[in-house]
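Reading through the structure tokens given below for one structure.
The values are calculated or read from the model by the stated rules, or taken from the named source; none is laboratory data. From a predicted model like this one, the values you see are computed outputs, not experimental measurements. Methodologically, a virtual Cβ is constructed for each residue, glycine included, from the backbone with ideal geometry; neighbour enumeration extends over all protein chains shown. We work out accessible area using only protein heavy atoms, side chains counted, and drop any ligands, DNA or RNA first. Shrake-Rupley method; radii C 1.70, N 1.55, O 1.52, S 1.80 Å.
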Amino acid sequence: MNTLTLNGKNISFEPGQSILEAARTHGVVIPTLCHLQAADHKGVCRICVVEVQGADRLLPACATPAGDGMVVETHSSKVVQERKMLLELLVASGDHNCLFCESNGDCKLQSLVYEYGIKNVARKSDYVPRPIDDVTPMIQRDFNKCVLCGRCVAACNDVQVNNAIPYPFGRREDKPPVTGWLPVADYDRCVHCGECVQACPVGALLEKKALGKAMTWQTQKVRTTCPYCGVGCQLWLHVKDNQVVKVTGVEDALPNRGRLCVKGRFGYDFINAPDRLTTPLIKENGTFREASWDEALDLVAARFSELKAAHGPQSLAGFTSARATNEENYLMQKLVRTGFGTNNIDHCARL
Amino acid sequence: MTSQTFSTWGRWVPGRGQVPPDKLPSEFSQGQPLKAFMGWDGLFVHDTTVNLVDMARAYMEQARKESCGQCFPCRLGTEDMSAILENICAGKGAPADLDRLESLARLVTDTARCDIGQTAPRPLLDLLEHRREDFLNVIKSKTPVPAGHYVTKVTAPCTNACPSHLNIPDYVEKIRIGRWDQALSTIRNDCCLPGVIGRVCVRPCEFNCRRQRLDSGIAIRALKRYAADMELETGQEPSLQPGPAKDKKVAIIGAGPAGVSCAYYLGLKGYKSTIFEVMNEPGGMAAVGIPDYRLPREVLRGEANQVKKLGCEIRYGVNVGVDITLDDLNVQGYNAIFVGVGAPEASKMRCEGEDAGYQCFMTGVEFLRRVADGEQPIEGKKLLVIGGGNVAMDCVRSGLRLGFTDVNLIYRRTRAEMPADPVEITEALEEGVEFHYLVAPLKIIAENGKVTGLECQRMELGEPDASGRRRPVVVDGSNFIIECDAIVPAIGQICVVDCVLPPEEVEITKWKTMVADDITRRTNQPYIFSGGDCVTGPATLIAALAAGKNAARFIEQFLTSGQSAPEESDYMEKLIAQLGVFYFKEKMPYADSTKKLHPPVMEPEERIKSFDEVEGKVNSASATQEASRCLRCYRIAMAAV
């Protein structure tokens, strides 16, 4: 069995695991910022560096394979000191002010700054403001808050494979100053899936529809299944005062592992749309009137039974929607086959 | 300011320790002293007048420029360190700046992702430790420090090992991010035949890949081929633009790799050239010496013909020295000449009967040339090839493909001393070639003018010779005869420059090679340049490409100024090579277990049925994966001269 010493404790690990994974398995938290598991994106921020005995430098826990007999310290004074300094540099290099930030309370940088007790770091005096991209209706990109972690780039190119955020990095001298390394979106390719927004660890990428709607701690997260198609993506509805203010993907759940499409992520306005039907309607003398569910279902059941008795089961058919869940679709075919007594059941199989 | 020479160089390799200044290079170029040097392993100072504070500023400024923006400490740290040093040198520093510098330098070396960050602060840390008073003096004086003159070069172990110094970490990175097109542009800056070199390079880079110290090296050659394959597969034409047209023109003798490379880089600068080629196709020995199963002719033709887009005309079937002379070229108004006539003739074995003109006896060079022309040059069942180099491997493997069923190779040393590419040896063995080691040819046996066998003698290995390989010594009384239908000796090639150019005009060695400066490639005639095998004797394709590329630079220099002299960057290159960039004994901070990418190859029984290419294409996923293993071992070198 492979074992290593982690903060003085002997732990086992699976071959191929990184130090980070091995530590997580044993409940030891090593802070990360850039690591994006889904894209195998790692080794950029160096916040997760740890001290490994015998190594002449600190090693990133996310990108260093655990080795048999390794002696690892995740929070030695040297490690903590370097993490602190890195965080100070990071804060000074951008325009980070939680007071004015939509992501206040939901920001990896903020959590780390708090955890490591960073105080009073001013923005660099020669800071040159970076652009804000506000051209699309869905996503706002405020590069002043961007930490250049590359997560959005990996999310777009390696997770969703839309290749709409060209890889921005490269020799500083070959890049234009200020904007050279910014992960700028190519809207000719962008499908507005919002994967980049979900990947952003800070407040640089934001859902525009959610701006100013709620602070992180004012919302309740409700898990549900996306109603748009049969894939069954798992969603978190961020709800405040019974209103959905934002939708994100559930990271650790199948089938989508956090990924969503433009509809699942941004198409939730129908919930509170004023023209949405909230009660059944019955048409009488050419006009609709509101009815109760019992009344409406009784009416439909009675009419179907009459038709079946008069013309046989083949006079009836069912047609279902892809916006219903798999379970609802199953029940519908069961109703048609056993209740109606016919195989006339079909499904639009598309939106 | 403390006035003493000192060195912190040499701590990288465990056990080696610091090298004293007098053991380190002190000359930059002939007669020009090297005053101080900063690099990946510290610094050393010979001349105490060098302002090391200013040099540290310049070095960090370079590191700042090289930083790629990916990892946080290097991106942020190099910028801040550079700004602090600029401030100090502007006479505006404060003593507290030094503590800040030290903390930043430690952070960056300790935590950066690649060697730009891990190595660039080393000289600064050394200076802060040993020469802190230099900084304090500058700070106290509150006056700006004049900027010194430094020569800078960015290299890497792989880049340094490559004769043409390709920027390998850069194109590998571009493949990693899916930009094979950009990778190809980087490759073409230093190598005009990516698909060719991507197939047959002897890859000194891979033998100097630092990842080998961690697990296994990067498949650099295969990645280069991948980029070239993608261009062909997607039907894209390389976007080559000749430079602004110049009114001078250059004659190039030989359309081999050196000549094509020279024409290519001259074309990029806007110089028109004419290549005179004795054969009817481009590529020289790469065309007629490397069989199609390793290098398909259309790949070579396609890439070599790119020079036509750059204002180069290739005249085939012209035998310089016979059809046209040096005087004719001068009369026709060529302002400079590049000679790249290679090493096209076979060496003698000094074996009885080799000049007797026996049927079924043919030199490897001729054998491969005829095979390349689509002929069946010799027939029979049992073939005997003599030699242990790549040409010998090409001969045995071609022999199998021509229908010989019993193919044998004799070599007078053992497999360990064989100069052939290990991959070639393995593939020949897989295909069924029988190797006979420690056997030397003595006499060709023939009946009625046709080969029937070879008398051989056994050898044993003695003391190492000049090449470092153990010298084979004859075992007395061990003579024996190998019966065979055909014999192909492939023991080396020689140059015949005297047949091309008049020896009274150009300096030629007794080995019939050209005498040319190893940097400028200029011969004893200021307007004649030469490079490739015809200068060095048989060498590698990439070395020939490098020679052609470099010659183009110095030809341009000659055409614009009437002179050609090495540039500072050339001396820097030599200095770096002298210091050594790849440390074979380096201890890595952890162990990894990733595997080198091996491109798919055809099964041995299938591949001997035809001359179809043995190695297959690498797919994008594998290429990206392989590229992500690169450690980006960039190193910044700076010399004060």
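Remarks
- The distance linking segment B:481-520 with segment A:193-226 is 73 Å (Cα centroid to Cα centroid, whole angstrom).
- Cα gyration tensor, segment B:22-181 - rounded (a/c under 1.5), prolate or oblate: oblate
- Fraction of beta bridges assigned by DSSP in the protein assembly as shown that are antiparallel (%, nearest 5): 65 percent
- Counting Cβ atoms of other protein chains within 10 Å of each residue's Cβ and taking the mean over peptide A:152-159 gives 1.
- Ligands, DNA and RNA excluded, the heavy atoms of residue A:100 present near 150 Å² of accessible surface to a 1.4 Å solvent probe.
- The base-10 log of I(q)/I(0) for segment B:252-298, evaluated at q = 0.21, 0.25, 0.27, 0.28 Å⁻¹, reads -0.70, -0.86, -0.94, -0.97 [Debye formula, identical scatterers on Cα atoms, solvent excluded].
- Shown here is the pair-distance distribution of segment B:491-619: with all Cα-Cα distances grouped in 10 Å bins from zero up to the longest one, the shares run 10, 24, 23, 21, 17, 4, 0 percent.
- Solvent-accessible area of residue A:5, all protein chains in place: 40 Å² (probe radius 1.4 Å, heavy atoms, ligands and nucleic acids excluded).
- Segment A:82-151 shape via C-alpha gyration tensor axes, a/c threshold 1.5: prolate
- With Cα atoms as the point set, the radius of gyration and Dmax of segment A:107-147 evaluate to 13.6, 37 Å.
- Segment A:1-38 and segment B:590-641 have their alpha-carbon centroids 30 Å apart.
- Size of electric dipole in the protein assembly as shown: Cβ of Lys, Arg +1 and of Asp, Glu -1, about Cα centre, debye, nearest 20: 2680 debye
- Classification of segment B:256-394 by its C-alpha gyration tensor yields a prolate form. The axis ratio a/c (a ≥ b ≥ c) is 1.5 or more, and a/b outweighs b/c.
- With Cα atoms defining each centre, segment B:306-380 and segment B:120-160 are spaced 53 Å apart in the structure.
- Neighbours of residue A:162 by Cβ distance under 14 Å: Lys/Arg scored +1, Asp/Glu scored -1, total -1.
- Taking other residues whose beta carbon is less than 14 angstrom from the beta carbon of residue B:619, and scoring Lys, Arg as +1 and Asp, Glu as -1, yields -2.
- Amide hydrogen neighbours beyond the local backbone of residue A:345, cut-off 5 Å, H modeled: A:318
- From most to least packed by mean Cβ count within 10 Å, the peptides B:235-243, B:80-88 give B:80-88, B:235-243.
- A viscosity of 1.567 mPa s and a temperature of 4 °C, combined with the Kirkwood radius over C-alpha pairs in the Stokes-Einstein formula, give chain A a diffusion coefficient of 54 µm²/s.
- Reciprocal mean inverse distance between Cα atoms of segment B:437-501 - Kirkwood radius, Å: 14.3 Å
- Neighbouring partner chain Cβ atoms per residue of A:48-59, average, 10 Å criterion: 4
- Cα convex hull of chain B, projected area averaged across orientations, nm²: 31.0 nm²
- Computed on the Cα atoms alone, the convex hull of the protein assembly as shown gives a volume of 251 cubic angstrom per residue.
- Restricting segment A:250-336 to trypsin sites (Lys or Arg not before Pro) in coil, as DSSP defines it, with at most 10 other Cβ within 10 Å: A:276
- Shielding score for B:102-111, defined as the mean number of other chain Cβ atoms within 10 Å: 5
- Each other residue within a Cβ distance under 10 Å of residue B:443 adds +1 if Lys or Arg and -1 if Asp or Glu, for a net charge of -3.
- A probe of 1.4 angstrom, applied to the heavy atoms of all protein chains, finds residue B:191 with accessible area near 0 square angstrom.
- Spin-label model, residue B:92 to residue A:134: label points 7 Å out along the Cα-to-beta-carbon direction sit 3.4 nm apart.
- Unit charges on C-beta of K, R, D, E only; dipole of chain A, Debye: 280 debye
- Dividing the mean sequence gap of close Cα pairs (under 8 Å, 6+ apart) by how many residues chain B holds gives a relative contact order of 19 percent.
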